[in-house]
Amino acid sequence: MRIDALPFPFACELSKTALVVIDMQRDFIEPGGFGESLGNDVSRLSAIVPACQRVLSAWRNAGGLALHTREAHRPDLSDCPPAKRDRGSPALRIGDPGPMGRILVAGEPGCEIIEPLRPLAGEWVIDKPGKGMFHATGIHERLGAQGISHLVFMGVTTEVCVQTSMREANDRGYDCLLLEDCTESYFPEYKSATLSMIRAQGAIVGWTSLSEALLRNLIGMR
Ligand code: C5J
């Protein structure tokens, strides 16, 4: 595939590329969840769901590997450093009872991936205790075992878990593409700055493109 992207076309082979869907969890995206309880406008995030669905569906039809991450901690919070839980003394902390169960705790309703993007049996679901997908997950070894060298990213939020995961991936030698209309932030200026940072200096972190550019390549692949 040769995908129209910035700062120049992104070349990859489907068999060596994974689609990574970052943290499309109910607590970040749905009204009545943790994200909204913090005063965020979650409609910004839910607006990308149809574009994400189109890409995920086309990717599956083409036979590509898809993986989904969740920002999720063990119920005993043994994988949540106090620095993460306590910083800024927030009113609601990780592990506290929230509107959709204990906040960012595996197995709680708010921690689940939203229904329209529900993983299929056989797709990888990675619970990550950090912002980045490589921290304490073993994912690099699993991707290596599958011969994956390229990653296509969607998900939320652009400047936190998506950007952190892309930077971690870039340092581990993956070529990374972020789909601009399939990622979002509660803060539009942070999304825009992140897209610029990623593709600056000749793709210093990676590439960005519209999902349409990927879909054009996927149509008719299988
Ligand atoms: C993610 C966050 N998923 N913003 N988490 O970006 O804390």
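Bear in mind that the values in this text are calculations on the coordinates, not laboratory data. The model shown is predicted, which means the values in this text are computed figures rather than measured ones. Using ideal geometry, Cβ is built from the backbone for each residue, glycine included, and neighbour counts are taken over all protein chains shown.
Inclusion of I113 among residues that are within 16 Å of the ligand (Cβ to nearest atom), closer than 29 Å to A145 by Cα, surrounded by 18 or more Cβ atoms within 10 Å (Cβ to Cβ) and within 20 Å of the chain's Cα centre (by Cα) is warranted.
Applying a threshold of 7 Å to beta carbon distances and a minimum spacing of six or more residues, or different chains, the list of pairs starting in region 148-174 at a residue that is in a loop (DSSP other than H, G, I, E, B) and ending at one that is of a type in the set (K, R) reads I148/K16; S149/K16. So in region 192-222, with the set limited to residues that are of a type in the set (D, E, K, R) and under 17 Å from V152 (Cα atoms), which one is farthest from the ligand (Cβ to nearest atom)? Taking the candidates together, the pick is R216.
Residue count for region 33-71, restricted to those that are in a helix (DSSP H, G or I) and either of a type outside the set (K, R) or more than 16 Å from the ligand (Cβ to nearest atom) (or both): 21. Identify the residue in region 143-178 that is away from the ligand (no atom under 16 Å from the Cβ) and among the aliphatic types (A, V, I, L, M) and, among all such residues, is nearest to G206 (Cα to Cα). The selected residue is L177. Using the structure shown, decide if E30 is within 13 Å of the ligand (Cβ to nearest atom) and buried (at least 19 other Cβ atoms within 10 Å of the Cβ). Against the criterion (within 13 Å of the ligand (Cβ to nearest atom) and buried (at least 19 other Cβ atoms within 10 Å of the Cβ)), E30 does not qualify. Just one of the numbered conditions (1) under 22 Å from M166 (Cα atoms); (2) of a type in the set (K, R); (3) more than 14 Å from the ligand (Cβ to nearest atom) is not true of R74: (1).
When residues in region 128-180 are screened for being touching a His at 6+ places or on another chain (Cβ under 8 Å) and among the basic types (K, R), 2 of them pass.
Being part of a loop (DSSP other than H, G, I, E, B) and surrounded by 15 or more Cβ atoms within 10 Å (Cβ to Cβ) is the filter; apply it to region 8-27 and report the residue that is farthest from the chain's Cα centre (by Cα). Only one residue tops the list, namely C12. Between residues in region 62-85 that are touching a residue at least 60 places away in the same chain (Cβ under 8 Å) and closer than 23 Å to I219 by Cβ and residues that are among the basic types (K, R) and away from the ligand (no atom under 12 Å from the Cβ), which pairs lie under 7 Å by C-beta distance while being six or more apart or on different chains? Listed pairs, sorted by first residue: A62/R222; G63/R222. Might you let me know whether region 178-196 holds any residue that is assigned to a loop (DSSP other than H, G, I, E, B) and surrounded by fewer than 18 Cβ atoms within 10 Å (Cβ to Cβ)? Yes.
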